[in-house]
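Here the structure is laid out as structure tokens; the discussion comes afterwards.
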Ligand SMILES: [Zn+2]
């Protein structure tokens with residue numbers, strides 16, 4: 001299955017070119033074709049502004065469930081031993097299930113468009129390895145960015161990272177404060 005996303009055109013314009021079944025989505029028109037029809041659609045679309053990608057690089061409807069199927073709670077509330085909370089992989093904030101926004105570490109926007117990211121996702125964008133927990137704030141800030149966000153997400157998925165980073169920050173802050181007080 002292949003998806004075509006058409007920009008700056010109308011359903012009527014597509015139908016004139018015999019491209020049928022367009023659905024309105026966000027700021028574009030989407031047409032899903034079978035593998036056999038995709039080449040023909042590609043030809044008919046010549047001259048229009050569009051992107052084309054394998055359907056596995058599109059967001060599906062069940063990725064939230066996929067995330068929770070493979071990720072049990074990994075942090076515990078203060079004073080309790082049992083883990084009932086998850087962690088935002090970008091800032092480390094502890095989150096209840098309903099507060100979690102499941103984020104695509106490699107953003108859907110980029111997976112649809114860039115071969116470089118597609119190569120990293122042989123099983124598609126909704127694969128369990130590409131899903132992370134994020135707080136609302138981080139998810140808004142990250143949006144479809146990669147770069148440092150990608151690195152932070154890769155590291156932040158591991159609980160060991162937070163076990164190291166918190167004491168390390170505390171030690172560095174203490175040393176800095178000590179130095180400042182010493183020279184004042
Ligand atoms: Zn966060």
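Each reported figure results from applying straightforward, stated rules to the coordinates on display, with no laboratory input. If you're wondering where the values come from, they're calculated on a predicted model, not measured in any experiment. Positions of Cβ are backbone-derived with ideal geometry, glycine not excepted, and every protein chain shown enters the neighbour counts.
Please list the equivalent ellipsoid semi-axes of segment 2-57, computed as the square roots of five times the alpha-carbon gyration tensor eigenvalues, in descending order and whole angstrom.
On the way: eigenvalues 47, 36, 19 Å².
With the √(5λ) rule applied to segment 2-57, the semi-axes are 15, 13, 10 Å.
Could you pull the Cα extents of segment 79-139 along its three principal axes, largest to smallest, in whole Å?
Answer, in whole Å and largest first: 47, 21, 17 Å.
In cubic angstrom, how much convex hull volume per residue do the alpha carbon atoms of the chain span?
Once divided by residue count, the hull of the chain is 165 Å³.
If you average the sequence gap of Cα pairs under 8 Å that are 6 or more apart and divide by the length of segment 48-112, what percent do you get for the contact order? Mind dumping the intermediate values first?
Values: 51 pairs, mean separation 19.4, N = 65.
The value is 30 percent.
Is it possible to state the helix-based mean residue ellipticity at 222 nm for the chain, with each DSSP H run of 4+ residues giving -39500 (n - 2.57), the sum divided by total residues, to the nearest 500 deg cm²/dmol? What is it? Spell out each step's value before the answer.
Working: 8 runs with 76 residues, N = 184.
One gets -12000 deg cm²/dmol as the mean residue ellipticity at 222 nm.
From the mean inverse distance of alpha carbon pairs (Kirkwood) and the Cα radius of gyration, derive Rg over Rh for segment 14-112. Walk me through the numbers before you get to the answer.
Numbers: Rg = 20.2 Å, Rh = 17.0 Å.
Result for segment 14-112 is an Rg/Rh of 1.19.
If packing is taken as the mean number of other Cβ atoms within 10 Å per residue, what is the order of 144-154, 101-111, 17-27, highest first?
Values: 144-154: 14.7, 101-111: 20.5, 17-27: 12.3.
Final packing ranking: 101-111, 144-154, 17-27.
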